[in-house]
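The values are calculated or read from the model by the stated rules, or taken from the named source; none is laboratory data. Just so we're clear, the structure is a prediction, and the values are computed from it rather than from any experiment. In this analysis, Cβ positions are derived from the backbone assuming ideal geometry, glycine residues included, and neighbour counts consider all displayed protein chains.
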Amino acid sequence: MQSVGTTRVTIDGNSALAAQLRAADMYSDCPATVVVPTFFAGAIAFVDLTDADFDAAWEQPMRQTIVAFQTAHRSGHTRLIAVVPTIGMSGAPQLAHAAATAEAIRVMVKSAARQWGADGVTVNCIAIAPELFGIDADAVGAVSIAPPALASRGSVLDDIVPLIRLTTSTDAHHITGATLTADGGIWMTS
């Protein structure tokens, strides 16, 4: 699916993943914002997180997502997307901080979708392989009892960008509060 429309999709985030999405130069037929929170990717026991670690792991990504969504809504954007790692759906030893943050953002997406739906705003989540966020899930053990269903966990340009193009278009006007999982079948959701 090629970019449709003349409105550039706003990418909010400072990570390498956000830069890759920005470089894809996506356009939509309606105003859209994609939030790519910066996750604290280091493996560390939850009880060993310092105050600064907790701020980086929880407070900053949550605040980034909330502020970006509020700003986009006030600016008249009608398609809001959060991109998170699938680690939130399964958890992993030493990555509770990343899992909890990803899952909290998914819950926020559902809440915002309910709250802003009457305004014609859709809010969705795209969950992708943890590695695309720099999270080395393999270093802390399996996050799934089965190997990925597909040979690849996906790439930003070939797999994530097309989903963003779909969910930021007017064609997706009836999809809201959903999580689309694009990790090659590591974690399968219904």
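Among the residues of the stretch 15-29, the ones that are in contact with a Ser or Thr (Cβ under 6 Å, 6 or more places away or on another chain) and surrounded by fewer than 20 Cβ atoms within 10 Å (Cβ to Cβ) come to 3 in all. Considering the conditions (1) surrounded by 22 or more Cβ atoms within 10 Å (Cβ to Cβ); (2) over 17 Å from the mean Cα position of the chain (by Cα); (3) of a type outside the set (Phe, Trp, Tyr); (4) under 15 Å from Gly134 (Cα atoms), Ile44 is excluded by exactly one of them, (1). With respect to the conditions (1) in a helix (DSSP H, G or I); (2) over 17 Å from Ile105 (Cβ atoms); (3) not hydroxyl-bearing (Ser, Thr, Tyr), Met62 falls short on a single one, namely (2). Looking at Ile87, Ile105, just one residue is surrounded by 18 or more Cβ atoms within 10 Å (Cβ to Cβ), among the aliphatic types (A, V, I, L, M), at pLDDT 95 or above and within 24 Å of Glu131 (Cβ to Cβ), and that residue is Ile105.
The set of residues in the stretch 31-70 being out of contact with any strand residue (DSSP E or B) (no Cβ under 6 Å at 6 or more places or on another chain) and of a type in the set (Phe, Trp, Tyr) consists of Phe39, Phe40, Phe46, Phe54, Trp58. Just so you know, in the stretch 91-102 the residues that are of a type in the set (A, V, I, L, M, F, W, C) and crowded, with 19+ Cβ neighbours inside 10 Å include one that is farthest from Gln20 (Cα to Cα), and it is Ala92. When you scan the stretch 32-50, do you find a residue that is in contact (Cβ under 8 Å) with a residue 12 or more places away in the chain and assigned to a helix (DSSP H, G or I), even just one? Yes, that holds for at least one residue.
Selection of the stretch 15-52 for residues being under 16 Å from Pro85 (Cα atoms) and modelled with pLDDT of 90 or more yields Ser15, Ala16, Leu17, Ala18, Gln20, Leu21, Val34, Val35, Val36, Pro37, Thr38.
Scanning the stretch 161-176 for residues that are within 15 Å of the chain's Cα centre (by Cα) and either among the hydrophobic types (A, V, I, L, M, F, W, C) or on the phi > 0 side of the Ramachandran plot (or both) turns up Val161, Leu163, Ile164, Leu166. Scanning the stretch 67-84 for residues being surrounded by fewer than 17 Cβ atoms within 10 Å (Cβ to Cβ) and either part of a loop (DSSP other than H, G, I, E, B) or of a type in the set (Lys, Arg) (or both) gives a total of 3. One residue stands out in the stretch 108-135 among those that are at pLDDT below 95 and small (Gly, Ala, Ser): the one that is surrounded by the fewest Cβ atoms within 10 Å (Cβ to Cβ), namely Gly134.
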